[in-house]
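In what follows, a single structure is set out as structure tokens and then discussed.
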Amino acid sequence: MNSTPASVGEGVLAAIQDAALGLVRAYDSEQATRFEAALEALAPNTRRAYGSALAAWGRWAALLGVHALTPSPFALRAYLRERAENGAGISSLRMTVAALRKVQNLVGVEPTANDQVVTDTISGLARQASSPRQAYALTAEALAVVTATACQPRVGRGGKMERPEQARRRGLVDIALCRVLSDAGLRRSEAAALTWDDVVRWDDGSGRLTVGRSKTDAEARTVYLTPASVEALSAIRPADANGAASVAGLGLGFSGHSGRVGMARRMAAAGAPTHEIMAQGRWKTARMVEVYTRSEEAGRAAKWLA
């Protein structure tokens, strides 16, 4: 590389070399000129992106003993899939492949980055990225974590740490909200429409929740609440309990469907028949049969909702 002009590509070559020894081989003067001209033809942002992508690739290749300039298509596939699993976007993965193809073409080595295996890998990862992802489930385990940590002080919206009493009040609401969402399989809009009048406590400590009409329910439905959820609601119920329940964001990875996912998984994990899960979730497709419409029927869910 001593023959390569120092001005090449705003330090891109230096970044590449630092990442993996041997990624770029020594050039004669003609090759160096071609390389520099090719980099100058790229937009500055593209040059920087190529340098960053190749630096990350080079570090991975060096760690695993993979030849960074001419990796096998299968090694490159492994890298791309690992990056995707770690949250890298499809545009970032495509940038890595494009950058390596550019370098391979300029240096004149075997274009392994052009292999069909690499192309198919990128296509497959792109399809996965465009597919809707299921929300994380508010399972029994997730609810246990929420209960254990919700009342710990956090940095509030104003950028200030909560006082202990503020954290406790907010945390108790979080606990009750998450439990009711998961027990009843509520959507965000359904939870936001609830009032305290919709909750009835039964003598055994459990409860019955009346859920209003929704996009899948022509009529109101009544579903079961576990004693733990009723207790959590009691902890936040005001003396003049007439206000509506308000739903806040559930954090990274959770959404308004987390309650429904959690309900279905909790009942399934406990051995509930499919028709019981369908009823508790109030689904009405070919796979989701009728729901419980009476408080007594709703109580049947107690067998599976721990």
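Every number in this text was worked out from the coordinates using simple rules, so none of it is lab data. Being a predicted model, the structure only gives us computed values, none of them experimental. Note that we place each Cβ from the backbone using ideal geometry, even for glycine, and neighbour counts take in every protein chain shown.
Run through every distinct alpha carbon pair of the range 81-160 and return the Kirkwood hydrodynamic radius in angstroms, one decimal place.
16.5
Could you go through the range 43-58 in sequence order and give the Karplus-derived ³J(HN,Hα) for each residue, using 6.51 cos²θ - 1.76 cosθ + 1.60 with θ = phi - 60°, rounded to whole Hz, and x for Gly and Pro?
Result, ordered by residue: 5, x, 5, 5, 4, 5, 5, 4, x, 5, 5, 6, 5, 5, 4, x Hz.
Separation of the range 148-176 and the range 67-136 by C-alpha centroid, Å?
42
On full extension of the chain, what length is gained from residue 123 through residue 236, given 0.36 nm per residue of separation minus the C-alpha to C-alpha distance?
Result for the pair: 35.7 nm of gain on full extension.
What distance in nm separates the simple spin-label points at residue 192 and residue 67, each placed 7 Å from Cα in the Cβ direction?
Label at residue 192, label at residue 67, 5.8 nm between them.
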